[in-house]
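Heads up, the thing below is written out as structure tokens.
The values are calculated or read from the model by the stated rules, or taken from the named source; none is laboratory data. Keep in mind the model is a prediction, meaning the values are calculated, not measured. Cβ atoms come from the backbone with ideal geometry, glycine included; neighbour counts cover every protein chain shown. For accessibility, only protein heavy atoms count, side chains too; no ligands or nucleic acids. Shrake-Rupley method; radii C 1.70, N 1.55, O 1.52, S 1.80 Å.
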Amino acid sequence: YFSALGHFTDTLEQAIVSSHAATGLDAGQRRFWGSVLFTRLCTTSISILWLCPRSKVNVGGKHWDFGSIASLARNLFECALQLFYLAIEPVNDDEWFARLKVMQLHDCMERSRMFRALDANDPQLPSFEGQAKELKGLLQNNAYFSQLPEALRKTLLKGERTSILTQDEILQRMGQFDPKTRGFYRFLSSHAHSFPLAFYRMA
């Protein structure tokens, strides 16, 4: 535990130094999204440290709550994949534009579903519909998107996925794919969703 905690702390401190060093640099849209996701990585990591007993920020900590750390670790994993997908992997402009618009369409549709569930008469709903229509049009006119398999295009246009690639496909592009990763992700997800695996052996 202490060895892993030390490595995690050192890496986080290096990340924060890098983040501060790049503050204020205008490097275009790809790097903008990179800075947003990188900041989220650092922020979530700091929250994890606050939960870790005997960490630098929780020196006298005696409260052990692995379930909450596992939930945050899952979030960290997903954020790292999005960082690579949206900001690090070198792809041509058409593909990157399609990736961005798929993400924005999912965001638009998710907000629409959320506000509709809260209030079916919410005055914001028509604006979401207009934005979704515009985003779908941009995707359908995108050269990269038009070459994707028809079934995938239909799924993406429903706004049900945040990315064109699956998690495993992103990991393969990163050169980090390992079949064991899926098992590890399921383990973290069980804690994030309070599935029985998360509490079965608590007694």
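Observations on the model:
- D93 sits with roughly 110 Å² accessible to a 1.4 Å probe, with DNA, RNA and ligands left out of the calculation.
- For H7, net neighbour charge (Lys/Arg +1, Asp/Glu -1) across residues whose Cβ lies under 14 Å away: -1
- Count, lysine Cα pairs under 24 Å in the chain, 8 or more residues apart or across chains: 8
- Net dipole in debye of segment 1-135 [+1 Lys, Arg Cβ; -1 Asp, Glu Cβ; about Cα centre; nearest 20]: 440 debye
- When both segment 124-203 and segment 55-98 are represented by their alpha-carbon centers, they are found 15 Å apart.
- Over segment 91-133, the reciprocal of the mean inverse Cα-Cα separation, the Kirkwood hydrodynamic radius, stands at 11.2 Å.
- For segment 105-168, size of Cβ-based charge dipole, Lys and Arg +1, Asp and Glu -1, in debye: 160 debye
- Environment charge of F184, counting only residues whose C-beta is closer than 12 Å and scoring Lys/Arg +1, Asp/Glu -1: +3
- Using only alpha carbons, the chain has a radius of gyration to Kirkwood radius ratio (Rg to Rh) of 1.01.
- Portion, in percent, of the accessible area of the chain that falls on carbon or sulfur, probe 1.4 Å: 58 percent
- If the convex hull is drawn through the Cα atoms of segment 113-171, its volume per residue in Å³: 98 Å³
- For segment 45-121, dividing the convex hull volume of the Cα atoms by the residue count gives 128 Å³ per residue.
- Candidates per GluC sites (Glu not before Pro) in segment 70-163, loop by DSSP, up to 14 other Cβ within 10 Å: E160
- Looking at the chain, the accessible area is 63 square angstrom per residue; that uses a 1.4 Å probe and ignores ligands, DNA and RNA.
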